[in-house]
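Have a look at the structure below before the remarks.
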Amino acid sequence: MILPGAVPPPDDSTDAGVAWHYGDPFAEQRSAARSVVVVDRSNRGVIAIPGEDRLKWLHQLTSQHFEQLGEGAATEALILDAQGRLEHHMVVANVGGTVFLDVEKVDELLKYLQKMVFWSKVEPRDATAEFALLSIIGPDAPAVLEKLGIPVPTGVDALGEGFVRRTSWPLQRSFDLLVPRSELTDWWQRITDAGARPAGSFAFEALRVEALRPRQGIDTDERTIPHEVNLIDPAVHLNKGCYRGQETVAKVHNVGRPPRRMLLLHLDGSADGTPETGDPVTLDGRAVGRVGSVVLHHELGPIALALVKRSVPVESDLVAGAPEREVQARIDPDSVPPDTPGLGREAVRNLRG
């Protein structure tokens with residue numbers, strides 16, 4: 001949905017069909033941090049799974065403990081391959097007798113789910129044409145919900161045919177609304193009339209990167225395992241087994257040493273070029289990682305998420321980008337897990353100095 005006053009995204013954007021910004025993307029980020037914004041995320045795919053076997057069935061297929069997922073609960077889940085590599089990441093709501101999955105792309109996941117139905121009483125379908133996702137973000141988000149007459153949820157509450165869901169990202173006070181797509185414009189107007197500033201994908205992506213939240217297909221590659229991209233805590237139940245890839249999850253968790261980690265890089269803003277997704281990260285001319293999301297943050301400047309070898313010391317002088325657009329990059333120490341080499345007080349002082 002591109003509303004009047006919205007600036008559409010560039011032609012090569014991964015967020016085609018929604019607003020890029022509304023004239024001042026940095027002010028939109030500040031408003032999210034200090035007050036409240038609403039972001040059109042209707043480019044997200046939606047899969048609806050009704051049926052009495054839906055929780056037991058999803059429990060068998062995914063990394064999450066769906067059998068413990070009660071009515072009105074929200075979570076995240078993964079589908080892995082036999083080697084534990086990430087194939088699909090889903091944000092989940094169980095409400096009104098249906099499990100809703102909002103995902104980056106629908107087609108491959110839906111094809112897999114439908115293939116796995118067998119005799120289970122479930123009916124997975126593509127519901128993207130039926131529903132659209134809006135996110136209300138910021139410290140004043142609860143007040144906006146109250147003005148809309150929507151009780152502030154602790155998990156997920158039914159909202160007509162859709163839902164309102166509390167989330168912990170990109171900021172602590174964030175809420176997703178799944179609304180009928182035919183009513184998207186009306187809901188947008190109601191939310192902005194209630195005091196939320198319109199914000200685009202430019203602002204949302206900057207906040208997501210700051211929160212170290214990966215986006216599938218951008219911050220992941222064909223080798224990514226969930227430990228590398230901070231998806232164990234939100235999307236994996238470590239006390240359940242019997243799902244594809246579980247052996248790798250348990251092994252890496254017990255050893256505690258994934259081969260790579262997703263880190264936040266501070267990029268040299270004075271350089272002419274800008275790295276792009278998939279570009280290499282190098283150390284002394286040797287490839288040690290890949291660039292994921294690249295954004296401009298209202299406080300941090302140019303930053304990026306990158307999958308970097310665990311052995312790379314935190315104080316390293318890195319280069320991010322292909323040769324024609326490479327820039328100097330430094331690792332943000334707050335994004336580094338404690339077991340990474342070089343993460344000592346001296347290294348942190350050197351970086352921050």
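The values are calculated or read from the model by the stated rules, or taken from the named source; none is laboratory data. Worth saying up front: this structure is predicted, and the values here are computed from it rather than measured. To get the accessible areas, we keep the full protein, side chains included, count just its heavy atoms, and leave off ligands, DNA and RNA. Shrake-Rupley method; radii C 1.70, N 1.55, O 1.52, S 1.80 Å.
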Q. With V164, V144, V179, V152 as the choices, which residue is assigned to a helix (DSSP H, G or I) and of a type in the set (A, V, I, L, M, F, W, C)?
A. V144
Q. Among the residues of the range 274-287, is there at least one that is modelled with pLDDT of 95 or more, assigned to a strand (DSSP E or B) and of a type in the set (V, I, T)?
A. yes
Q: Residue by residue through the range 271-319, note down the ones that are among the charged types (D, E, K, R), more than 18 Å from V336 (Cα to Cα) and open to solvent by less than 60 Å² (accessible area, probe 1.4 Å).
A: D279
